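Each remark here refers to the structure printed beneath this line.
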Amino acid sequence: MHDRDDELTAAEERAYAELAREAMPSRMLEERVVSELRARGVLGWRTAQRHGWRRLQTATAAAASFALFASGLAVGQWLGARHTADAMLKLQRQDSATAAAAVQRTGSAYLSALGALAQASSSADPKEVARARQAAQSVLHQAADEMVRLAPDDPVSAQILKGLDRAQVQATTASTRPDKQHFVWF
Amino acid sequence: MTADADLVEAVVSDGDEVAFRELYRRHTPRLYPLVLRLVGGAEMDAEDVVQEAWIRAAAGLKRFRGDSSFGTWLIAIGLNAARDHLRRRGRWGGMEDVDQIEIAVPPAMHGHRVDLERAIGMLPPGCRTVLVLHDVQGFTHEEIARQLGIAVGTSKSQLFAARRTVRGLLDETREKTHARPG
């Protein structure tokens, strides 16, 4: 059948020639190889560097976003604080107005009470009248004291305070000690 | 088309994955059938060997000087990887004694015609490697001798034994198929 056992026949040559010389293994093999080479650091280290740079950029962007957010928050709080300060100022202004009105009301009440005391002094108990007068003087003294604190340069308040202090000193030196004080503060 | 040398340079200098995939897709189609035949037709074994060959090739890319084509260089690596694989499996004992080669057709294949591919796969690994390299890949005996580290005469005697065995397998199954009743 074969003239030379170490030579291929024409049919055998054709059969060998028809054998596939090219074939692709499964797609998974490529991924396995690439994955293994990545794990060994042969592939992808430049990509990893790019990813590292990208991560840095992302981190920077995140930090910038946070800074922007924090700045916005701070500005918002500052604006809020300004509103709060304005509100406090308004409240203080309101309190001042309320206090001024209270001074006017109590001043009027004080004068009304003194006027009523003067009218009733002839028929009232002299001890009660004396006690009321002493209380009125004490209040007047403390009011003058507050007036001087309120307006140190106000000569009227200063003169009233000095006059009251002088009168008190004279009363003390005359050894006419007053009876035990029984003030009822309001 | 980017030259192999440029792709190699991109992989070596940059670890360029895209360049590597291009090399892989360009040369694996020729490497895989060779390896598949060397391991006797076992696809999973062939894929393991191809993977090992590429890993060795990638690790040695810096040593690739372009003296031979990249494809030839890769085939040599694949051949060594296949031999190492067969050796680990205890199936590579060097070149067989050509007088001792006897292949019996498995009972399961009685009545079925064995094609050339199947017959090559049934050869002992040593002479199968020589036959595949010579008759399928077109290597000369000198190249085979250099690749396998054997004498040229050994390559020739292995090829002779391989061809004879293949013929025997093809003739045996052909006769049995023709003789099959019905």
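The charge dipole of the stretch B:4-88, taken about its Cα centre with unit charges on the Cβ atoms of Lys, Arg (+1), Asp and Glu (-1) only, comes to about 380 debye. Within a straight-line Cα-Cα reach of under 20 Å, A:K162 can be paired with the following aspartates and glutamates, leaving aside sequence neighbours fewer than 8 residues apart in one chain: A:D145, A:E146, A:D153, A:D154.
Remark: B:S157, B:S13 ranked as B:S13, B:S157, counting other beta-carbon atoms within 10 Å and listing the fewest first. Working from label points 7 Å from Cα in the Cα-to-Cβ sense, the A:T58 to B:S13 distance is 2.9 nm.
Listed values for the stretch A:20-32 are Karplus-derived 3J(HN,Hα) couplings in whole Hz (6.51 cos²θ - 1.76 cosθ + 1.60, θ = phi - 60°), namely 5, 9, 10, 7, 9, x, 5, 4, 4, 5, 4, 5, 4, and x replaces Gly and Pro.
Compactness of the stretch A:58-120, taken as the C-alpha radius of gyration over 2.2 N^0.38 Å, stands at 2.49. Just so you know, the Cα atoms of the stretch B:4-88 work out to an Rg and Dmax of 12.6, 37 Å. Adding -39500 (n - 2.57) for every DSSP H run of four residues or longer, then dividing by how many residues chain B holds, sets the calculated 222 nm ellipticity at -21000 deg cm²/dmol.
With no solvent and one point on each alpha carbon, what is the Debye value of log10 I(q)/I(0) for the stretch A:93-148 at q = 0.27 Å⁻¹? Relative scattering, expressed as log10 I(q)/I(0), comes to -1.08. Each of A:H83, B:H85 was scored by other Cβ atoms within 10 Å of its Cβ. Listed from fewest to most, they are A:H83, B:H85. Three principal axis extents of chain B based on alpha-carbon atoms, in descending order, are 64, 38, 30 Å. Computed from backbone phi, the HN-Hα couplings of the stretch B:64-72 come to 6, 9, x, 5, 10, 5, 4, x, 5 Hz, rounded to whole numbers (Karplus: 6.51 cos²θ - 1.76 cosθ + 1.60, θ = phi - 60°; Gly and Pro given as x).
Taken residue by residue and averaged, Cβ atoms of other chains lying within 10 Å of the Cβ of B:24-33 number 4.
Which one of B:F70, B:T2, B:A19 is farthest out on the positive end of the charge dipole of the stretch B:1-74, using unit charges on Cβ (Lys, Arg +1; Asp, Glu -1) and the Cα centre as origin? In the stretch B:1-74, that residue is B:F70. Backbone phi angles across the stretch B:165-172, fed through the Karplus curve with coefficients 6.51, -1.76 and 1.60 (θ = phi - 60°), yield HN-Hα couplings of 5, 4, 4, x, 5, 5, 5, 4 Hz in residue order; Gly and Pro are listed as x.
None of the figures in this text is laboratory data; all of them are computed from the coordinates on show. Everything numeric here is computed off the predicted structure, so don't read it as measured data. Quick reminder, even Gly has a Cβ in these numbers, built from the backbone with ideal geometry, and neighbours come from all protein chains shown.
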